[in-house]
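What follows is a single structure, written as structure tokens, with notes after it.
The values are calculated or read from the model by the stated rules, or taken from the named source; none is laboratory data. Keep in mind the model is a prediction, meaning the values are calculated, not measured. Cβ coordinates were reconstructed from backbone atoms using ideal geometry, including for glycine residues, and neighbour counts include every protein chain displayed. Heavy atoms of the whole protein, side chains included, go into the accessibility calculation; ligands, DNA and RNA do not. Shrake-Rupley method; radii C 1.70, N 1.55, O 1.52, S 1.80 Å.
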Amino acid sequence: MIHTLPTVQFDPELLRKYDRPVPRYTSYPPATELTPEFDPVDFRAAIAVSNYKKTPLSLYCHIPFCETACYFCGCNTVITQRKEIAEPYLNYLLRHISMMAELISRDRTVNQMHWGGGTPNYLSLNQIETLWTAINQHFQFDPKAEISIEVNPRTLNRNYILFLRELGFNRISFGIQDFNPQVQKAVNRIQPETLLFNVMDWIREAGFESVNVDLIYGLPHQTLGTFRDTVEKTIQLNPDRIAVFNFAYVPWLKPVQRRLPEDALPQGPEKLDILQMTIEELTQNGYQFIGMDHFAKPNDELSIAQREGLLHRNFQGYTTQPESDLIGFGITSISMLNDVYVQNHKKLKDFYLAMDEGTLPIERGVSLNQDDIVRRTVIMELMCQFELSKDDLEEKYHLHFDRGFDEYFLGERSELEKLQADGLLHVSHNHIQVTPAGRLLIRNVAAVFDAYLQKKITANFSRSI
């Protein structure tokens with residue numbers, strides 16, 4: 001089925017009305033539902049089922065180290081300039097990969113791999129090659145696999161970039177956040193414009209198939225004018241994908257954010273102006289709105305997957321591989337199988353101890369029930385395709401043998417009617433369609449079907465806009 005690529009209608013009044021904390025829905029149930037009471041036996045059983053089905057694989061490798069702290073960061077990182085700390089972690093990481101490979105059938109194909117962090121290029125070239133070789137020894141890759149890596153442009157040179165491409169990485173991502181020197185100083189991430197353009201030149205010279213860059217709006221000292229300059233320079237860089245994240249100021253969850261000058265943060269009205277300008281500039285310059293905070297060129301795999309109804313979301317964000325099991329290696333990484341999610345230990349010492357004891361380094365997890373799976377499908381279809389066929393859902397989960405979609409989600413009807421009254425949705429007998437005005441508020445739309453949200457403290461989530 002070919003889907004029309006989504007357009008966006010910017011409605012400031014609706015955005016203000018619905019701007020509240022909601023999950024980002026990189027999974028359903030959200031990661032907040034993972035619990036330490038989870039039994040790792042269930043994870044092993046889920047892998048066995050996937051082995052039988054020969055489900056393709058998506059691998060994630062977490063490198064947690066950064067030399068300095070970025071004050072906006074919400075990731076799980078280890079800040080140190082002692083590069084020797086990477087060697088023991090690499091050894092434990094290799095053991096973890098080997099342990100997981102023993103559980104996973106060799107005939108399952110890897111169609112996607114991503115290295116994230118932290119800073120993967122914290123590792124030396126020799127360490128990068130060692131890790132790459134180990135993974136390829138244990139797993140079988142599809143010749144057309146998407147193999148991506150995040151890099152910090154401040155610690156890169158041309159030879160490093162060329163080496164990554166020669167090794168086999170074909171996609172790359174780096175953070176810009178903001179070109180403005182005052183903003184960079186406030187967030188402790190100084191990277192001159194010349195450096196960023198040099199890095200992009202090296203990436204293009206190396207022949208990477210796709211380049212993603214990240215921007216963040218809502219940082220200290222940002223104004224409509226300064227961020228317009230950042231957007232214009234980003235367009236000059238000509239990346240294939242652009243992510244424009246709303247800065248989540250949550251110092252009670254991320255203490256490093258207390259170092260930011262709170263009084264310099266742009267407030268609601270200006271943030272909305274910045275967001276509107278960004279959407280207009282990117283869409284008028286050849287980028288397609290994918291969803292939430294992601295944009296891509298029309299010939300990019302994300303845009304193609306969305307047109308074909310194959311776009312998906314997992315803990316890495318939007319992905320083109322909807323039927324893959326995500327397997328995470330290293331601390332804090334998450335594995336996502338059909339009906340089981342697990343997260344590894346977040347602290348090095350706990351991760352190392354589990355490995356020394358010969359046990360899977362799982363800190364928490366969750367097993368999904370049938371209702372979770374049904375709701376996950378609804379949420380992911382809306383998040384990725386902006387539409388849902390009630391008939392398809394009824395057929396897929398045999399709801400018509402018991403009760404149809406409308407009866408199954410009877411408790412959600414009043415909320416859906418409110419969204420429709422505000423112009424965010426069109427709801428018909430057998431179809432739900434998100435309107436252009438509703439696409440920027442897709443998290444709010446998805447939240448209607450979240451059976452866990454009403455029980456959670458919403459301050460744990462970032463605001464929708």
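Of interest is the spacing of the C-alpha centroids, which for region 109-128 and region 300-314 amounts to 24 Å. Could you pull out the pairs from Lys185/Lys297; Lys390/Lys418; Lys83/Lys185; Lys185/Lys233; Lys271/Lys418; Lys54/Lys297 whose alpha carbons sit more than 22 Å apart here? Correct reply: Lys185/Lys297; Lys83/Lys185; Lys271/Lys418; Lys54/Lys297.
In the context of the full set of protein chains, residues of region 342-427 present 48 Å² of accessible surface per residue (probe radius 1.4 Å, heavy atoms only). Scanning the chain for GluC sites (Glu not before Pro) lying in DSSP loops with no more than 15 further Cβ atoms inside 10 Å, the longest uninterrupted stretch between such sites is 68-208.
Could you estimate the translational diffusion coefficient of region 75-162 from the Stokes-Einstein equation, with Rh from the Kirkwood formula over C-alpha pairs, at 20 °C and 1.002 mPa s, in whole µm²/s?
Values: Rh = 14.4 Å.
Answer, rounded: 149 µm²/s.
Of all DSSP bridge pairs formed entirely within the chain, close to 40 percent run antiparallel.
Please report the relative contact order for region 401-450, taking Cα pairs under 8 Å with a sequence separation of at least 6, and give it as a percent rounded to a whole number. Once divided by the residue count of region 401-450, the mean separation gives 27 percent.
Return the Rg/Rh value of region 138-216, two decimal places, where both radii are evaluated on C-alpha atoms and Rh is the Kirkwood radius. Could the numbers behind the result be given before it?
Values: Rg = 14.0 Å, Rh = 13.5 Å.
My calculation of the ratio gives 1.04.
Suppose a student asked you for the relative contact order of the chain, using Cα pairs under 8 Å spaced at least 6 residues apart; what percent would you report? Mind showing how you got there, number by number?
Details: 813 pairs, mean separation 107.3, N = 465.
Relative contact order, the chain: 23 percent.
Backbone amide hydrogens, once placed in the peptide plane, bring Phe245 within less than 5 Å of Leu215, Ile216, Tyr217, excluding anything fewer than 5 places away on its chain.
Remark: region 129-200 carries 43 Å² of accessible area per residue (probe radius 1.4 Å; ligands, DNA and RNA excluded).
Counting protein heavy atoms only, the chain has 49 percent of its accessible area on carbon and sulfur, 1.4 angstrom probe.
Write down the Å³ per residue value for the convex hull defined by the alpha carbon atoms of region 173-224.
Values: hull volume 4.0 nm³, N = 52.
So the per-residue hull volume is 77 Å³.
Partner aspartates and glutamates whose Cα lies under 14 Å from the Cα of Lys53, excluding those fewer than 8 positions away in the same chain, are identified as Asp107, Glu323, Asp325, Asp339.
Rounded to the nearest 500, what is the chain's calculated 222 nm mean residue ellipticity when only DSSP H runs of at least 4 contribute -39500 (n - 2.57) each, over all residues?
Working: 16 runs with 172 residues, N = 465.
Helix contribution divided over all residues of the chain: -11000 deg cm²/dmol.
One way to sum up the overall shape of region 312-465 is the equivalent ellipsoid from its Cα gyration tensor, whose semi-axes run 34, 18, 14 Å, largest first. How about Lys346: which aspartates and glutamates have a C-alpha closer than 13 Å to its C-alpha, ignoring those fewer than 8 places off in the same chain? Cα-Cα hits under 13 Å: Glu363.
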